[in-house]
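Here's the structure, in structure tokens; my notes come after.
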Amino acid sequence: MSRRFKTPDYEATLNEAITIGDCLSPDHLARFVVNTVSALDLGEIYGQYGPVGGEPIAPQILLGLLFYGYATGIFSSRKIEKATYEFIPFRFIAGGLHPDHDTIAYFRRRFLEQIKGLFVQVLVIAAREGKLRLGNISIDGTKVHADASKSHAVSYKRLIELQKHLEKEVEDLFALSESEDSLPDGLNPEEELRLREKKLTDLKRAEQILKERAQARYEAELAEYEAKVRERRQKAEREGRKPRGRDPKPPVPGPRNKDQYNFTDPESGIMKNSNNSGFDQHYNVQVAVDQDSFLIVSHTVSNHPNDRNEAIPTLSAVPKEIGKPNAAALDNGYFSSNNQTFPAVFKATGVHFATAGHDLISDAMGGSQYNSVVITDTSGSP
């Protein structure tokens, strides 16, 4: 006797009456998003809508769709529009409406700055409702690929070579245009000069940006060098003899031959890939997360290739409205002597650096005037 199986009746299933409430549990993320957005102050967004015109989709609907999309990994406006037809949580947040992708994309583009400010409101609401009690945080970063190819990047050394080459071509074209000899067929000196002068302008702008970046790097390296020299001098005074090891080398000002500038996305930088040993155009994105609630409490973006100078900006980006963290856990990629020798800066931010196991950590956890940043091993736990 053959075994019997439960089989579906698809026609009956298609006609089955269900409610959205049956599908979304009371603690479902979609319900939380709707409740949170309804508590936000959207006056700055509503104030930019004119008094006349057609009936637009309410901003709280579009915000709710974007927030839920971000939280579930759906970022494309086309995919969000499609989800309002196919996925129950999106259908619930949209209130049965189906804003088209152009509306969603335009709303995101037009109100991007206002949307950024709303994330602070979300954290304040979470703190008010007891969902966020800012205590210990963890900071980590990752490389995010820039919308640019490293093939469109040029090194400082190559940039200078190109400038000299183009300047020579400009001189030759000027001489050729003033010559009494007949010009080669198809050659338009004025057009060729215009193209090369534009390229020269772009190269000079790139050179200036690389010099500005080099100056900022030099100032940071100089501060770190002076801190190392001061530390060695103090150690020599304590021990009565010269410390072991070589004296620190002073930094060299100015751009380096391998400094890169990308013409497609000038603000990005050449960085090591996170998933292989290669290099590409990236941004360095930092995120601070509350260890209890797992809520993101701050983030920063830079074009620095490593994390050594990312701790201060990320800690400083924690909104004052939600308080100050008690301690922060970072891996050793953030550590440099520069992070221990700026007491004025850290006093202003309420953060002080220490290596793992330092007495300052226990002092801070016991109520020291400073909060503590614990530098842990990359593979270790905070």
Mind listing whichever residues of region 147-170 are small (Gly, Ala, Ser) and either in contact with a helix residue (DSSP H, G or I) (Cβ under 6 Å, 6 or more places away or on another chain) or at pLDDT 85 or above (or both)? 155
When the residues of region 56-93 are narrowed to those that are outside any helix (DSSP H, G or I) and more than 25 Å from the chain's Cα centre (by Cα), which ends up nearest to residue 17 (Cα to Cα)? 87
Only one of these conditions is not met by residue 264: (1) out of contact with any His (no Cβ under 6 Å at 6 or more places or on another chain); (2) at pLDDT below 90. Which number is it? (1)
Criterion violated by residue 53 - all others in (1) small (Gly, Ala, Ser); (2) modelled with pLDDT of 90 or more; (3) not in a helix (DSSP H, G or I) satisfied: (2)
Given the structure, is residue 154 part of a helix (DSSP H, G or I) and within 28 Å of residue 262 (Cα to Cα)? no
Here are some conditions: (1) in the same structural domain as residue 19 (by TED's automatic domain parsing); (2) closer than 28 Å to residue 296 by Cα. Residue 55 meets all but one. Which one does it not meet? (2)
If a residue counts only when it is under 25 Å from residue 72 (Cβ atoms), in the same structural domain as residue 87 (by TED's automatic domain parsing) and in contact (Cβ under 8 Å) with a residue 12 or more places away in the chain, which helices (runs of 4 or more DSSP H) contained entirely in region 8-49 have at least 3 such residues? 29-39
Candidates 103, 72, 84 - the one that is surrounded by 14 or more Cβ atoms within 10 Å (Cβ to Cβ) and modelled with pLDDT under 95: 72
Show me the strands (runs of 3 or more DSSP E) entirely contained within region 226-344 in which 1 or more residues are in contact (Cβ under 8 Å) with a residue 60 or more places away in the chain and among the basic types (Lys, Arg). 269-272
Hey, among the residues in region 271-313 that are in contact with a Leu (Cβ under 9 Å, 6 or more places away or on another chain) and of a type in the set (Ser, Thr, Tyr), which one's farthest from residue 117 (Cα to Cα)? 293
Some residue of region 61-72 being farther than 24 Å from residue 125 by Cα and either in the same structural domain as residue 125 (by TED's automatic domain parsing) or small (Gly, Ala, Ser) (or both): no
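The values are calculated or read from the model by the stated rules, or taken from the named source; none is laboratory data. Please read all numbers here as calculations on a predicted model, not as lab measurements. Note: ideal-geometry Cβ built from the backbone for every residue, glycine included; neighbour counts use all protein chains shown.
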